[in-house]
1. When segment 98-117 is examined, which residues are found to be among the hydroxyl-bearing types (S, T, Y) and part of a strand (DSSP E or B)?
2. If I filter segment 122-135 for residues that are of a type in the set (V, I, T), within 22 Å of L159 (Cβ to Cβ), in a strand (DSSP E or B) and open to solvent by 20 Å² or more (accessible area, probe 1.4 Å), do I get at least one hit?
3. Kindly indicate whether any position in segment 50-60 is surrounded by fewer than 23 Cβ atoms within 10 Å (Cβ to Cβ) and either in contact with a helix residue (DSSP H, G or I) (Cβ under 9 Å, 6 or more places away or on another chain) or aromatic (F, W, Y) (or both).
4. Can you tell me which residue is farthest from M112 (Cα to Cα) among those in segment 59-97 that are in a strand (DSSP E or B) and hydroxyl-bearing (S, T, Y)?
5. Could you tell me whether segment 93-108 includes any residue that is of a type in the set (S, T, Y), free of Cβ contacts under 8 Å to residues at least 24 places away in the same chain and out of contact with any strand residue (DSSP E or B) (no Cβ under 6 Å at 6 or more places or on another chain)?
Amino acid sequence: SGRGVMAGGNTSPSSHHLVVDYVNISTLGNATNFGNLTSVVGGSSGACSYTRFISGGGKTPSITDTIDSTELQSTGNFADFGNLVTAKQEVAGVSSTTRGVWSGGWDGSNRMNEIDYVTITTAGNAADFGDLVSTKSSLCATCSPTRGVFFGGYTTGALDEIDYITIASAGNATDFGNLLGALKY
């Protein structure tokens with residue numbers, strides 16, 4: 001759609017937001033208000049197709065499994081899409097044109113290695129995709145139309161691990177290599 005969307009967030013450990021902003025990627029300028037999530041949330045992650053943006057997980061202040069969605073061509077408030085497999089925050093999201101995927105996270109007691117996915121065009125609950133190479137939260141992600149790459153993160157300290165998945169094929173992540181240094185978001 002040519003829009004970059006930023007949903008929710010934290011300004012402190014206990015202050016979360018429901019505001020969603022967007023920028024037009026092809027032009028310079030400040031962000032503009034898009035609308036609101038269904039609830040105040042921080043520590044979530046997004047995924048999108050060409051037409052729909054979805055945001056999953058986070059803390060509201062309790063840790064949530066909520067997935068919200070909106071159509072990118074219009075601005076306005078988000079609607080309930082479904083739920084992740086388990087409630088978690090500090091997840092990383094990637095997507096293809098048809099599938100949204102979240103990995104890792106923290107449930108308030110434990111770091112997680114699970115990977116969840118949804119079909120972006122069909123509202124509903126996430127299903128199990130597979131597992132990361134190790135348990136971690138606060139990881140970063142990037143993707144191409146076919147491959148999702150998860151890097152860094154936190155377990156008992158910052159990590160230098162890189163894992164990857166093929167977005168169209170459910171299964172466990174594979175070791176990709178290592179970063180030059182450890183990091184977490």
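The values are calculated or read from the model by the stated rules, or taken from the named source; none is laboratory data. Since we're looking at a predicted model, the values are computed, not measured. All Cβ positions, even for glycine, are placed from backbone atoms using ideal geometry, and neighbour counts span all protein chains on display. Protein only, heavy atoms only, side chains kept; ligands, DNA and RNA dropped before computing areas. Shrake-Rupley method; radii C 1.70, N 1.55, O 1.52, S 1.80 Å.
1. If the condition is that a residue be among the hydroxyl-bearing types (S, T, Y) and part of a strand (DSSP E or B), then S103, Y117 are the ones that fit.
2. Yes.
3. Step one: of segment 50-60, the residues surrounded by fewer than 23 Cβ atoms within 10 Å (Cβ to Cβ) are 50-52, 60.
Subset that is either in contact with a helix residue (DSSP H, G or I) (Cβ under 9 Å, 6 or more places away or on another chain) or aromatic (F, W, Y) (or both): 50.
Scanning segment 50-60 turns up at least one residue that is surrounded by fewer than 23 Cβ atoms within 10 Å (Cβ to Cβ) and either in contact with a helix residue (DSSP H, G or I) (Cβ under 9 Å, 6 or more places away or on another chain) or aromatic (F, W, Y) (or both).
4. T70
5. Within segment 93-108 (the criterion being of a type in the set (S, T, Y), free of Cβ contacts under 8 Å to residues at least 24 places away in the same chain and out of contact with any strand residue (DSSP E or B) (no Cβ under 6 Å at 6 or more places or on another chain)), the answer is no, since none of the residues qualifies.
Okay, residues lined up against (1) modelled with pLDDT of 95 or more; (2) open to solvent by 50 Å² or more (accessible area, probe 1.4 Å); (3) in contact with a helix residue (DSSP H, G or I) (Cβ under 9 Å, 6 or more places away or on another chain):
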{"site": "V149", "(1), (2), (3)": "yes, no, no"}
{"site": "G152", "(1), (2), (3)": "yes, no, no"}
{"site": "T166", "(1), (2), (3)": "yes, yes, no"}
{"site": "T174", "(1), (2), (3)": "yes, yes, no"}
{"site": "L183", "(1), (2), (3)": "no, yes, no"}
